[in-house]
Amino acid sequence: MLEFIRDEEAVWSVPAGLIADLASRHPGVRFESPSDRAAAERLLPGADVVYGVLVDAENFHLARRLRWIHVSAAGVGSVIFPALAGSEVVLTNGRGLHAVSMAEHALGLMLAFARKLHLARDRQHGHRWDQVGLWSEPPPFGQLAGGTLGLVGLGAVGSALAERAVALGMRVIAVRPHPARDPRPAHEQWGLARLPELLERADWVVLAAPHTDATRGLIGAAELARMGPGAVLVNLGRGALVDEPALVAALRAGRIAGAALDVVRGEPLAADSPFWDLPNVILTPHVSGLGPLYWERAVGQFAANLERFLAGSPLLNVVDKRAGY
């Protein structure tokens, strides 16, 4: 088993102690956790399992024994390449791992807009006690109760958000490729063909869909034009889902009320991006999936699948490599 999850800033680096503990529980499995990519690639020919983002189109030919790749991310669009998609190698992901954190993050962003918390924070930085301004200047104070949440995607994250939004008194409508007959936890489930109608009806549009060929550029100028002037767009999926210049234009013109972005097309966000200074934008640096005991839960999810792999049982969270999720 070859583990390679490394990040220069350590946010996305699995603590070594968790892998050591996993290895101690499986003395019959050889665990390798090399310190750098070159060393990891040298070990790739002998690996049956890779945990992490190591295998790519350039080194896949080295992985002669590889049978399974697991990544703790939910989005795997950047991990899949044609040779992998056409192979017998099984790919699993971290579906469900981030659901509660991302759902609560989305609600936090929505509440910030409804209660104008971001504008109050701006005034705090200027030492301004501006009750009159916050009350009288647009946008008006809002509330979630009674509003309509439009969800694009109803996987683990979308479902967790729908449950919480319903509890707060919101109407929840979700669009997804294959709507279920039972719409719960949403009130309604629609096919993607009805996305334009969803955009027209929703007070809040939350993108919780993966990045695939079908979702790239899903929200462009035409889609933004369908949203109401009081609507807010929240993107938790991937930056590629949104035409960013079109979004900037819509925000500047006041065609929508605001946008909350946890993901952007180029990360980190460019220093000259207009998003930094738009007052109706809230930015968070791709942290919506982080939560308590993140890596303990991530490694625990992999460990459960490792048990199944060793027993010859079907794995959980298997990705459709052709569909991209």
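Values quoted throughout were computed directly from the atomic coordinates according to the rules given, and no laboratory measurement underlies them. Here the structure is a predicted model, which means the values were calculated and not measured. Counting neighbours? That spans all protein chains shown, and the Cβs are built from the backbone with ideal geometry, glycine included.
Taking 0.36 nm per residue of sequence separation and subtracting the Cα-Cα distance, how much length would be gained by fully extending the chain between Ala180 and Arg42, in nm to one decimal? Mind dumping the intermediate values first?
Numbers: separation 138, 0.36 × 138 = 49.68 nm, distance 4.57 nm.
Residue separation times 0.36 nm, minus the Cα-Cα distance, leaves 45.1 nm.
For the options Phe31, Phe275, Phe113, a Gaussian network treatment of the chain with springs between C-alpha atoms closer than 10 Å singles out Phe31 as fluctuating the most.
Selection among Phe60, Leu84, Gly191 by position relative to the dipole of segment 48-193 gives Gly191 as farthest towards the positive end (Cβ unit charges, Cα centre).
Determine, for Met1, Met110, the number of other Cβ atoms within 10 Å of each Cβ, and report the residues in order from fewest to most. The partial results should precede the final answer.
Numbers: Met1 22, Met110 25.
Fewest-to-most ranking of Met1, Met110: Met1, Met110.
Expressed as a whole percent, how much of the Cα-Cα distance distribution for segment 173-325 exceeds 21 Å? I get 55 percent for the Cα pairs in segment 173-325 exceeding 21 Å.
Ranking Val318, Leu236, Gln131 by how far each Cα lies toward the positive end of the dipole of the chain (charges on Cβ) leaves Val318 at the top. Can you pull a Stokes-Einstein diffusion coefficient for the chain at 4 °C (1.567 mPa s), Rh from Kirkwood over Cα pairs, as a whole number of µm²/s? The calculation lands on 61 µm²/s. Over what distance in Å are the Cα centres of segment 103-137 and segment 271-325 separated? Computed from Cα coordinates, the inter-centre distance equals 29 Å. The value of relative contact order for segment 55-119, using C-alpha pairs under 8 Å at least six residues apart, is 33 percent.
Multiplying the residue separation of Ala253 and Ala167 by 0.36 nm and subtracting their alpha-carbon distance yields 27.6 nm. Across the chain, the relative contact order, built from alpha-carbon pairs under 8 Å that are at least six residues apart, equals 16 percent. Spatial offset of segment 51-99 relative to segment 203-236 amounts to 28 Å, using the alpha carbon center of each. Compute a Gaussian network model of the chain, connecting alpha carbons closer than 10 Å, and tell me which residue from Ser35, Ser136, Ser72 fluctuates the most. Ranking Ser35, Ser136, Ser72 by mean-square fluctuation puts Ser136 first.
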